[in-house]
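**Q** After the C-alpha cells below, expect a handful of questions from me.
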C-alpha cells in the first residue's frame, strides 16, 4: 500500500474520493474512467485497501477482467489483488477461477495472457500461505503423531490421484498425505478447496456421458459415496458469501442428490452438511464419524446383508421406494395391518378403521408438501419438499447431526456451460435490489450466488422452497390461480392475500429487470414460485444482446401472461393497480441510479467474447432503455404501454407453445 497524491487541478475529485460518499461503485467507476489520468488511477487503486472486503468482492469479476484487458489498470490494482490473495484464501480461489475462465478464451494478446497466468499462479502459490500453512502443518503433525502413521501396526489405505476423491483433502480420512513432517512437503491450504471443486466438476462431466436418467442417478450416488471418504475436510462450499470461510464440509448425503432436468447437460443438486467454525482454514476439522453411529442400540443386533440392497438405486427414478440414508443400515420392522408393536416397551398400539379413515380425510384436505414422484422428472418431488422438513430428515440420519454448529447447505453444480454471463446477471440482480431497497420501493428480486470455477463449469446457489411453474402445472394439473387457492386457502384468507401480495411485488420486480436487462428464454421452466408466493426467475443464458438462436423472437418487453394477472385478481382489481404503481416506482428509482447499473456492464464489454456483448451498441441500448430524458408523466405512459403490449404479446404465447412442443414444458 503506497501513498499517492492527486494533482491540484483534481482537488474536487479528491474531495469526492475522500468523502463518505465514495463507495466501491464510485471507486471502480472512476478507476476505469480516469485510468489514463496521472495520479488518479493510482490513488483509486490505493483506495481499495480502505474499503470493506465484501464491497470489493461484489466487483471482483470487473477487477479481474480489467486487470487482463487494461495495462494501466493492471498496474494500479495488482498490489491490492496480491495482498488480498495472501491474506484471504477464498479471495485467492475465486480470483484464480475467474482468471482461468477468462484466459481460456484464447483471444488475449500473448503479453496480457502471460500477465494473467502469472497472477493466477501467484494467487494459488504455496508461498502465499505462510501464516495459515504453519498452523495447518502443526495440526497435521499432531494428527500424524496421534495416529502413529510410521508404525507397522497402522493400517492405511492408499488410493491413486485418479480416484474420484483423490485423497487430497486435509482430513484425518486422508492421513497418508501428511506422513512427512518436512515443511516443504505439506499440502497447501488452498489445494483441498481447489481439488474438491474439481472433483464435483469431474462428476458432472461423467454424468453427461450417460443418456439414461437412471444411470445418471446411479453414477451420481456412487461418485458422491466415494467423495465422502475424504470428508470432513478443511474446505467450504463457495455458493453463498454469507457462509464463506465459516464452516467445514463434513458430509454430502448421496441419497438426497438429484440430477436436474436438462436436455443436453447434466446439472445436479447436492445437499452439503457443514459444521460452522470461526475460520475454515484455521479452525480444527471435526473428527470423522461413521454412518452406523447414528442408529440406536436396538438396531445393532440386526445383521445386515448389504447384497440385499441395491446401493446404486436413485431416489425418485423408480416407482418403488428406494432406500435412503434413514434405512441403509437396518432392516425395516414388519408392521401388521391392524397394529404396530413398539420394540422398546413391547406395547401394542391399535388403530380402529374409523380413525385411519379420519386421518386420511384430513391429509387429503391439506395442501401437499411434495409432488408425487415422476420417473421423467425426479427432481420435482425433491424440490417441492419444504426445506425445514428436508433439514430435519437429513440431520436425524447424519452422524454429524448432533454436533454444535451443524447446518445444511445446498448447491447446483453445472458443467459444460460458461457461467460468466450468469454471474453478470447475478450482479445486476443484486444491484437492482439494492437500489429498490435504498429507495424504499417494495419490489422483491431474489438474487442468488453464482461461482465461476472454469470457462465451462461453476456452482449456483440453490433456491430452496421453490419449484418451477412447469412443475406446478404438470403435477397439480391446475391453473396458477387454482394452485394458489389450493396452497394458500380461500382468496379472502390471510395466507392467500399475503402470498398474492408477494406475487405482485416479485412479478413487478422481474418485469422491470427483464425489460432493462433484456432477459429472454422466459418459459415456465425458468420461472419459479416459492413457498411464500414470490415469483423467481432463473437461468440468464440470454440477456442484453443475445437471444435463443439469435432470432430475437421474444419481442415483448417482459413476460406478463393473463394467468399472472388472474392471480392478481384480474385487470380491474386493486392488486393489479398496485402492480402498475410498483412498476412506475421501480422504473423511476432505477433511473436515478443508472450509473450503478452501467458500471457493471461497461467494463465487461471491452473485447468480450460473451454472447451478451455481441452487439457493439449493447451499453448504449441498455442506457437508452432507462429513458432519462422523459418526465415522470411520460414514464408512466411508457410503463402502462409496456404492460398492455406484454399481456397481448403473440410472441410470448408462441414461444411457450414452441417450448411445449420441443421440450414438453407447460
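The values are calculated or read from the model by the stated rules, or taken from the named source; none is laboratory data. The model shown is predicted, which means the values in this text are computed figures rather than measured ones. We place every Cβ from the backbone using ideal geometry, glycine too, and count neighbours over all the protein chains shown.
**Q** Scan region 486-496 and tell me whether some residue there is closer than 26 Å to residue 410 by Cβ and in contact with a strand residue (DSSP E or B) (Cβ under 8 Å, 6 or more places away or on another chain).
**A** no
**Q** Within region 12-19, identify whether any single residue is outside any helix (DSSP H, G or I) and either within 26 Å of residue 101 (Cβ to Cβ) or modelled with pLDDT under 90 (or both), and answer yes or no.
**A** Yes - at least one qualifying residue is present in region 12-19.
The rows are residues; the columns are (1) under 24 Å from residue 192 (Cα atoms); (2) outside the structural domain of residue 208 (by TED's automatic domain parsing); (3) at pLDDT below 60; (4) part of a loop (DSSP other than H, G, I, E, B).
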{"residue": "275", "(1), (2), (3), (4)": "yes, no, no, no"}
{"residue": "279", "(1), (2), (3), (4)": "yes, no, no, yes"}
{"residue": "292", "(1), (2), (3), (4)": "no, no, yes, no"}
{"residue": "298", "(1), (2), (3), (4)": "no, no, yes, no"}
{"residue": "301", "(1), (2), (3), (4)": "no, no, yes, yes"}
{"residue": "321", "(1), (2), (3), (4)": "no, no, yes, yes"}
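**Q** How many residues does region 554-575 hold that are touching a helix residue (DSSP H, G or I) at 6+ places or on another chain (Cβ under 7 Å) and assigned to a helix (DSSP H, G or I)?
**A** The qualifying residues number 8.
**Q** Does residue 384 meet the test of being in the same structural domain as residue 207 (by TED's automatic domain parsing), at pLDDT below 90 and within 19 Å of residue 473 (Cα to Cα)?
**A** yes
**Q** Is it the case that region 624-647 has a residue that's part of a helix (DSSP H, G or I), surrounded by fewer than 19 Cβ atoms within 10 Å (Cβ to Cβ) and under 29 Å from the mean Cα position of the chain (by Cα)?
**A** No.
**Q** Which residues, taken from region 395-407, are outside any loop (DSSP other than H, G, I, E, B) and more than 17 Å from residue 248 (Cα to Cα)?
**A** 396
**Q** Just name the residue that is surrounded by the fewest Cβ atoms within 10 Å (Cβ to Cβ) out of those in region 648-666 that are at negative phi and not in a helix (DSSP H, G or I).
**A** Ranking the candidates gives 648 first.
**Q** Please enumerate the residues belonging to region 199-218 that are assigned to a helix (DSSP H, G or I) and free of Cβ contacts under 8 Å to residues at least 24 places away in the same chain.
**A** The answer is 206, 215.
**Q** Moving on. Which of the following residues is touching a strand residue (DSSP E or B) at 6+ places or on another chain (Cβ under 7 Å) and modelled with pLDDT of 90 or more: 467, 504?
**A** Testing whether each residue is touching a strand residue (DSSP E or B) at 6+ places or on another chain (Cβ under 7 Å) and modelled with pLDDT of 90 or more leaves just 467.
**Q** Checking the condition at pLDDT 95 or above, in a helix (DSSP H, G or I) and touching a strand residue (DSSP E or B) at 6+ places or on another chain (Cβ under 6 Å), which residue from 578, 510 passes?
**A** After ruling out the rest, the residue left standing is 510.
**Q** Which of the residues spanning region 430-458 are out of contact with any helix residue (DSSP H, G or I) (no Cβ under 7 Å at 6 or more places or on another chain), part of a helix (DSSP H, G or I) and surrounded by 19 or more Cβ atoms within 10 Å (Cβ to Cβ)?
**A** none
**Q** Hey, among 541, 525, 489, which residue is assigned by TED's automatic domain parsing to the domain that holds residue 596 and at positive phi?
**A** So the residue among 541, 525, 489 that is assigned by TED's automatic domain parsing to the domain that holds residue 596 and at positive phi is 489.
**Q** Say whether the condition of being closer than 15 Å to residue 513 by Cα, out of contact with any strand residue (DSSP E or B) (no Cβ under 6 Å at 6 or more places or on another chain), assigned to a helix (DSSP H, G or I) and assigned by TED's automatic domain parsing to the domain that holds residue 439 is met by at least one residue in region 603-618.
**A** Within region 603-618, none of the residues are closer than 15 Å to residue 513 by Cα, out of contact with any strand residue (DSSP E or B) (no Cβ under 6 Å at 6 or more places or on another chain), assigned to a helix (DSSP H, G or I) and assigned by TED's automatic domain parsing to the domain that holds residue 439.
**Q** Is there any pair with a first residue in region 384-412 that is on the phi < 0 side of the Ramachandran plot and a second that is part of a strand (DSSP E or B) and surrounded by fewer than 17 Cβ atoms within 10 Å (Cβ to Cβ) whose Cβ atoms are under 9 Å apart and which are 6 or more apart or on different chains, and what are they?
**A** Going by the 9 Å Cβ cut-off, the qualifying pairs are 391/407; 404/276; 406/276; 407/276.
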